[in-house]
Amino acid sequence: MRRRSGPRPEAVLVALAIIVAGTLGSGAGQSHAQDNTGTYRLDESWPQYPPGSQFEMGSGIAVDARGIVYAISRDRDHWAGHPLSMTRYRGTGSIWMFDRSGTYLGKFAEDQEFIGPHSLYIDGEGFVWVVDRDGHQVTKLTPDGTPVLTLGEYGKYGNDESHFNGPTGVAFLPGGDIVVADGYWNSRLVWFDADGEFLKQVGEYGNGPGQLGVVHAVALDARGRLLVANVCGGALHPYVTVRGQIAEERLRPIPGCTSRFDVFNQDGSYEGPWSVVGGTLTLSIAAYGNRIFAGTTGSERGRQDLVIVNAETDTVVDIIRSADVYVHQMALDPTSGDIYVASVYPEHGGESRGPEGPSFVRWTR
């Protein structure tokens with residue numbers, strides 16, 4: 001039995017999540033929330049890990065059209081800045097598969113050697129996409145783990161047409177183009193066509209309109225808006241970087257900066273901030289159909305609420321209180337409506353790492 005400290009708690013998956021070591025502005029729409037906390041309940045029996053399972057934390061989760069859940073774990077957390085052996089402290093990750101009931105269906109893609117997996121997606125054709133932040137790659141896989149497309153160079157950071165510096169998320173546009181959030185140590189959105197050819201990039205470091213700090217992820221909502229997680233600048237998680245990887249300007253916070261969601265058109269034009277949901281420590285957001293799901297700091301210390309927004313009206317329609325320690329990424333089952341959450345660093349909420357903690361949880365109705 002996993003220990004919990006109090007109540008906790010496809011089609012195209014577009015999701016983004018922020019973990020911010022700072023203060024975010026409160027969104028105007030949240031004060032008008034309809035608090036239907038009884039709508040969902042935590043399934044304490046989900047998932048059932050096989051005997052001997054070992055990993056440190058969850059980081060990404062997605063559901064395919066059949067209801068199969070794909071969950072990516074950080075089996076060993078990356079620590080590139082450790083003064084000793086780089087090999088010993090290099091991160092690893094795995095993709096797990098479960099059905100709706102939580103039955104373990106196996107693992108795949110372990111030979112991909114992900115260094116620091118950040119998020120996972122399933123596109124409209126059923127391909128699985130993994131964003132490896134510390135490996136500086138975005139990889140498209142078949143459902144059995146065969147790679148068919150790779151963006152970025154493995155383990156090599158940069159800021160050009162063929163390199164990332166800590167990518168965090170992807171969004172899939174209706175015409176087949178791909179938008180990559182890049183990222184943790186760059187400040188840009190990067191467009192590629194369906195074959196992985198570079199098209200353009202948008203964004204520069206700063207706090208002005210259209211400027212970006214840490215681009216934690218990007219999502220496409222039902223209205224065709226690109227919702228961008230724009231976190232105030234600074235060197236987030238420098239221990240996973242090497243000397244010189246973080247630009248000098250990013251070692252200092254942006255003066256007067258407030259972390260926020262920004263809205264861009266699909267062509268990259270800036271529209272303005274999206275301030276429906278706010279919080280004081282972390283935010284996450286995902287879009288499915290006409291709903292937007294946003295994680296934000298809740299009333300219970302060390303836990304995040306999951307706020308559900310009507311995308312057409314930008315109004316809050318439901319809240320799951322204390323959905324998890326961090327709502328790093330979430331996924332919606334297109335048939336049942338159940339919500340799955342992947343959470344990093346559970347110890348920040350007084351929980352255990354690995355199978356005994358809340359790395360992956362299911363909220364059902």
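Just so it is clear, none of the values below were taken in a lab; they were calculated from the coordinates. Please read these numbers as outputs of a predicted model, since none were measured by experiment. Positions of Cβ are generated from backbone atoms using ideal geometry, with glycine treated the same way; all protein chains shown enter the neighbour counts.
Of 203, 191, 232, whose Cα points farthest to the positive end of the dipole of region 185-269 (charges on the beta-carbon: +1 Lys, Arg; -1 Asp, Glu; origin at the Cα centre)?
Farthest along the dipole direction, towards plus: 232.
In the chain, what is the volume of the convex hull around the alpha carbon atoms, normalised per residue and reported in Å³?
123 Å³
Given a Förster radius of 45 Å and the C-beta distance between residue 160 and residue 104 as r, what FRET efficiency does 1/(1 + (r/R0)^6) yield to the nearest 0.05?
Details: r = 41 Å, r/R0 = 0.91.
Calculated value: 0.65.
Roughly speaking, what is the stretch gain from residue 290 to residue 195, that is 0.36 nm per residue apart minus the C-alpha to C-alpha distance, in nm to one decimal?
Stretched fully, the residue 290-residue 195 segment lengthens by 31.3 nm.
Given 0.36 nm per residue, what is the gain on full extension from residue 54 to residue 223 after removing their alpha carbon distance, in nm? The partial results should precede the final answer.
On the way: separation 169, 0.36 × 169 = 60.84 nm, distance 4.07 nm.
The residue 54-residue 223 span can extend by a further 56.8 nm.
Given Cβ point charges of +1 (Lys, Arg) and -1 (Asp, Glu) and nothing else, what value in debye, to the nearest 20, does the dipole of region 143-224 about its Cα centre take?
300 debye
So for the pair residue 148, residue 125, with labels modelled 7 Å out along Cα→Cβ, what separation do we get in nm?
With each label point 7 Å from Cα toward Cβ, the separation is 0.5 nm.
About the Cα centre, and with charges only on the beta carbon of Lys, Arg (+1) and Asp, Glu (-1), how big is the dipole of the chain? Nearest 20 debye, please.
So the magnitude is around 1120 debye.
Show me, for region 231-240, the HN-Hα J-couplings you get by feeding each phi into the Karplus relation (A = 6.51, B = -1.76, C = 1.60, θ = phi - 60°), rounded to Hz, glycine and proline as x.
Each residue's phi maps through the Karplus curve to give 9, 3, x, x, 8, 6, 6, x, 5, 8 Hz.
Placing +1 on the Cβ of each Lys and Arg and -1 on the Cβ of each Asp and Glu in region 184-307, which of 244, 218, 290 has its Cα farthest towards the positive end of the resulting dipole?
244
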